[in-house]
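Here the structure comes first, spelled out in structure tokens, and everything after it is commentary.
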Amino acid sequence: MAHRNSHATPRVRPHARGHHAPARNVLAVAEMERAGRAAQSAGQRLVCRVAAGCGTIAFLWWQLAAIAAWIAFNSWPGLPHVDPFPYVLLTLVLSIEAIFLSIFILISQNEETRLTERRNALDLQLDLLAEQESTQALRMLRQIGAKLGVQFEFDPQLKNLERATHADALAAEIDAINDRER
């Protein structure tokens, strides 16, 4: 059995024929999602499917129909009442169902949180890369302008944009602001 790595790199060809960049990006994201789901155990996948199925209108209607049928069967005169009013057995079954559904939903939410954290880490990496590319492009434009003898107006904001952004310094600044607001 092959070893599954939950942080496996998506296997997408970067220059797939016939696909332009947005389509490649969509394919890469879809492959990342597939790889994340494939890293789940069989039990986790089952729990997530159950939670997803129980979160539908069809399940609500099925649940209402089953409860109504139970009450009708156990209230109808002349039928043997397995669980007469106040329907203690029905209450027990629904309570146990609620316990398991709560657990399934929590497990499913934990899995979604794990996938969301993975997406957020990827987003941060892409944002940092885009910021580095933008900073480098501004520097290159200034150098090209200087070589061509183009005079730029002094813009302090542009000078700030040309400086490299340090994610750790920004995070510390955000933390300090949040601490002051508390």
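The values are calculated or read from the model by the stated rules, or taken from the named source; none is laboratory data. It should be emphasised that the depicted structure is a prediction, and the values quoted were computed from it without experimental measurement. Positions of Cβ are generated from backbone atoms using ideal geometry, with glycine treated the same way; all protein chains shown enter the neighbour counts. Heads up: the accessible areas ignore ligands, DNA and RNA and are worked out on the full protein's heavy atoms, side chains in. Shrake-Rupley method; radii C 1.70, N 1.55, O 1.52, S 1.80 Å.
Of the options [x] 1.37; [y] 1.25; [z] 0.98, only one is Rg/Rh (Cα atoms, Kirkwood Rh) as computed from these coordinates, and that is [y]. Of the Cα atoms belonging to region 75-136, the radius of gyration and Dmax stand at 25.7, 85 Å.
Could you give the DSSP H helices of the chain that reach 30 angstrom or more along their long axis (alpha carbon positions) and whose average Kyte-Doolittle hydropathy is no lower than -0.5?
On the way: long enough: 88-148 (87 Å, 0.39).
Correct list, ordered by number: 88-148.
Label zone (Glu97, point 7 Å along Cα-to-C-beta; backbone nitrogen cut-off 11 Å) within region 49-84: 59-71. For region 15-122, the convex hull drawn through the C-alpha positions has a volume of 145 cubic angstrom per residue.
Using the Kirkwood radius built from alpha carbon pairs, what does the Stokes-Einstein equation give as D for region 47-94 at 10 °C and 1.306 mPa s, in µm² per second? If you can, show how the numbers build up before the last one.
Working: Rh = 12.1 Å.
Once the numbers are plugged in, D ends up at 132 µm²/s.
Which stretch or stretches of region 129-156 have amide N atoms under 15 Å from the point lying 7 Å from Glu162's Cα along the Cα→Cβ direction? 134-156, by backbone N distance to the label point. A 1.4 Å probe run over the protein chains yields, for the chain, 78 Å² of accessible area per residue, whole-number rounding.
Taking all protein chains together and rolling a 1.4 Å probe, Ile174 ends up with roughly 100 Å² accessible.
Please report, as a whole percent, how much of the solvent-accessible surface of region 76-182 comes from carbon and sulfur atoms (probe radius 1.4 Å). Working shown, then result.
Working: 5610 of 8770 Å².
After summing per-atom areas, the C and S share lands at 64 percent.
Only helices enter the 222 nm calculation for the chain: every DSSP H run of n ≥ 4 contributes -39,500 (n - 2.57), and dividing by all residues gives -25000 deg cm²/dmol, rounded to 500.
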